[in-house]
Structures are given as C-alpha cells and as structure tokens.
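*Asks:* Quick one: the structure is below, and I'll ask about it shortly.
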Amino acid sequence: MYTVDDLLYRKIIIMTFVAGALGAIFSLSHATQAGIIIATPAFETAYVSENNPADTDTTIIALESSGVSEEVFAMRVLPEISAALSHEEKTRTTIPVAHFFDVPFYSQFRDISDAEWQKRGCGIASLAMLIDFYKPGEVSADTLLDEGIASGVYQDGAGWKHQGLALLANDHSLRGVSYDLSSKDMDTAFAQLENALKDGPVIASVYYTFDPKSPIPHLVVVSGVDNDIIYYNDPSDTSGGGSISTVTFKRAWKKRYITVRPLLSASIY
C-alpha cells in the first residue's frame with residue numbers, strides 16, 4: 001500500500017519525464033527550423049550547426065516533417081572561406097576566348113613573281129590563302145594568277161571580280177560563293193559576316209590600309225572575330241596575324257565578302 005509521500009514522489013518523477021520529453025521535442029523542432037541537423041556517425045549523435053560544424057566528413061540524417069530521412073554529406077567550411085566563396089559567386093564573370101582560324105599567309109609582293117601583277121595581286125594572294133588553308137600545297141600564287149588571268153577574273157579599273165574568284169575556288173574542288181550586302185545596313189551585314197566566320201575564314205572587300213578615304217580597292221582574309229576585334233591576313237603586309245577593332249573594320253568594309261568551303265560530301269541512300 002502506497003503512502004501519500006510515495007504517490008507524490010512518483011508524480012514528481014512522471015512530471016519530470018514528461019517535461020524532459022516535451023523539451024526535447026521543442027528543441028528538435030526549433031533546431032530543424034534553424035537549419036540544424038543531427039549527425040549520426042557510427043558511435044555517437046551530435047548536433048551540427050554553423051557554430052558547431054562537423055570536424056570530419058559525416059553522414060547526415062536530415063529530419064523532415066514528413067518523417068522521411070534523406071542522406072546528405074556534411075563538410076566543415078570555415079566562415080572566412082564561406083564568405084570568399086560567396087564573394088566569388090557574386091563577382092564571377094565569363095571571359096570570352098578569342099577564336100580565329102590559323103590561315104597560312106601569302107604575300108602579293110613576295111609570293112607573286114610578276115612585278116607587273118604584284119600591286120594588283122591582293123585577290124589572288126587572298127584566294128591562295130584560303131585554298132592552302134583547306135588544301136595545303138594545292139596551288140602556288142603564281143599558278144593561281146595565271147589561271148585568273150586566263151579566265152578573265154581581273155577587270156581593268158575595277159580589280160578582281162568576286163564571282164570570278166569564287167569560280168576559281170570551284171576549279172580546285174572547293175565551294176566558292178560571293179556575297180554582296182551593300183544594300184543592307186551595316187549592323188545586319190556585319191551580323192551575317194560574323195555568322196559566316198563561324199564556319200571558316202572569308203575574303204573581305206575593304207579600302208586599302210582600312211582607310212575609308214583610300215581610293216584603292218583591296219581584298220584581305222578575315223580569319224575571325226571576337227570581343228570586338230577582327231583578326232585578318234592582309235596580303236599587302238609582310239606577315240599575317242593582324243588585328244583591328246570592329247569599329248575600324250566597319251568603316252573600311254564595303255559589305256562584300258567571299259566564302260571558300262570544302263565541297264559537301266555526297267549523300268548515299
């Protein structure tokens with residue numbers, strides 16, 4: 001038979017147990033809302049938070065209200081490293097990488113033997129660059145000049161006919177196409193040129209030395225464009241690999257160009 005003191009003692013024990021259980025549930029609920037999760041390695045249970053990070057990689061059981069647990073991995077990250085990573089994410093920028101085609105260089109003065117044609121050899125030297133780009137050793141500038149003269153590609157007072165140069169490329173099992181965008185505004189024309197340069201280098205019609213005041217027509221090979229820079233080979237220079245701003249190029253470009261590409265392979269059905 002229990003005395004009053006015994007019953008009172010048992011009541012105190014039960015109330016203490018209930019209070020402890022409610023406190024644990026309350027703490028767990030707030031810990032989950034605060035982003036604190038329970039680490040359950042093989043031998044111990046520990047609370048992991050920003051103020052009490054795990055010392056080693058630990059398998060974490062993330063408690064969810066649905067009662068379903070999901071395994072994730074915890075790794076200690078020092079506050080200063082976390083801040084640096086956050087700053088890097090905010091300041092990270094994409095740096096464009098320049099892209100242009102490595103086109104072999106031909107000089108209209110060095111690679112054309114006939115002195116009479118050297119000053120007028122920009123079109124032939126430019127075409128020789130593109131043919132050699134796709135077919136190394138296919139033809140020399142002198143041979144290509146003879147072919148051009150025989151085909152009537154050069155017109156006195158006007159220079160090299162663009163369509164004629166394209167046809168010369170066709171004679172060497174390549175696909176030459178001439179484009180005249182003079183009726184289009186500069187932005188539209190230049191956008192088309194940029195698109196063509198994705199597939200390969202082109203021959204562009206410009207004013208000599210990229211000077212819009214020059215009365216001399218000229219042809220150069222444009223090998224690429226990137227980050228407002230045009231990369232080119234000018235046959236009147238002593239070497240290739242030149243570059244100018246797109247602003248300067250647009251002032252000198254006549255909105256005409258020639259593409260030379262490999263022939264498309266025939267499909268077999």
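*Asks:* Any idea how many residues of region 113-137 are farther than 21 Å from residue 222 by Cβ and either touching a residue at least 12 places away in the same chain (Cβ under 8 Å) or not in a helix (DSSP H, G or I) (or both)? Spell out how you get there, then give the answer.
*Replies:* Restricting attention to region 113-137, the residues satisfying the condition of being farther than 21 Å from residue 222 by Cβ are 113-119, 137.
Okay, now just the ones that are also either touching a residue at least 12 places away in the same chain (Cβ under 8 Å) or not in a helix (DSSP H, G or I) (or both), so 113-114, 117, 119, 137.
The qualifying residues number 5.
*Asks:* Considering only residues that are assigned to a helix (DSSP H, G or I) and either aliphatic (A, V, I, L, M) or under 19 Å from residue 101 (Cβ atoms) (or both), which ones fall in region 157-177?
*Replies:* 165, 166, 167, 168, 169
*Asks:* For residues in region 119-141 being under 29 Å from the mean Cα position of the chain (by Cα) and hydroxyl-bearing (Ser, Thr, Tyr), which is surrounded by the fewest Cβ atoms within 10 Å (Cβ to Cβ)?
*Replies:* Among those residues, the one meeting the criterion is 134.
*Asks:* Has region 99-113 got any residue that is at pLDDT 95 or above, of a type in the set (Gly, Ala, Ser), outside the structural domain of residue 241 (by TED's automatic domain parsing) and within 23 Å of residue 248 (Cβ to Cβ)?
*Replies:* Scanning region 99-113 turns up at least one residue that is at pLDDT 95 or above, of a type in the set (Gly, Ala, Ser), outside the structural domain of residue 241 (by TED's automatic domain parsing) and within 23 Å of residue 248 (Cβ to Cβ).
*Asks:* Can you tell me which residue is farthest from the chain's Cα centre (by Cα) among those in region 208-244 that are within 18 Å of residue 101 (Cα to Cα) and loosely packed, with under 14 Cβ neighbours inside 10 Å?
*Replies:* The residue in question is 239.
*Asks:* Also: Under 7 Å between Cβ atoms, at least 6 apart or on separate chains: pull out the pairs that start in region 188-202 with a residue that is in the same structural domain as residue 131 (by TED's automatic domain parsing) and in contact (Cβ under 8 Å) with a residue 24 or more places away in the chain and end on any residue that is surrounded by 13 or more Cβ atoms within 10 Å (Cβ to Cβ) and assigned to a loop (DSSP other than H, G, I, E, B).
*Replies:* 189/181; 200/101; 201/101; 201/103
*Asks:* Determine the pairs where a residue that is farther than 13 Å from residue 252 by Cβ, located within region 212-234, has a partner that is β-branched (Val, Ile, Thr) and modelled with pLDDT under 95 with Cβ atoms under 8 Å apart, the partner being 6 or more residues away or on another chain.
*Replies:* 226/97
*Asks:* Given the conditions (1) out of contact with any strand residue (DSSP E or B) (no Cβ under 9 Å at 6 or more places or on another chain); (2) more than 18 Å from residue 120 (Cβ to Cβ); (3) at pLDDT below 95, which single one is not true for residue 157?
*Replies:* (2)
*Asks:* Kindly provide the set of residues from region 152-177 that are surrounded by 15 or more Cβ atoms within 10 Å (Cβ to Cβ) and charged (D, E, K, R), ordered by number.
*Replies:* 161
*Asks:* Count, please, the residues in region 245-260 that happen to be surrounded by 16 or more Cβ atoms within 10 Å (Cβ to Cβ) and out of contact with any helix residue (DSSP H, G or I) (no Cβ under 8 Å at 6 or more places or on another chain).
*Replies:* Matching residues across region 245-260 total 1.
*Asks:* If you take the residues in region 178-207 that are of a type in the set (Asp, Glu) and in a helix (DSSP H, G or I), which one is surrounded by the most Cβ atoms within 10 Å (Cβ to Cβ)? Please lay out each step first, then the result.
*Replies:* The first filter runs over region 178-207 and keeps only residues of a type in the set (Asp, Glu), leaving 180, 185, 187, 194, 199.
After this cut, where a residue has to be in a helix (DSSP H, G or I) as well, the list is 187, 194.
On the way: 187: 9, 194: 15.
Residue satisfying both the conditions and the ranking: 194.
The values are calculated or read from the model by the stated rules, or taken from the named source; none is laboratory data. Everything numeric here is computed off the predicted structure, so don't read it as measured data. Heads up, the Cβs are rebuilt from the backbone with ideal geometry, glycines too, and the neighbour counts pull from every protein chain shown.
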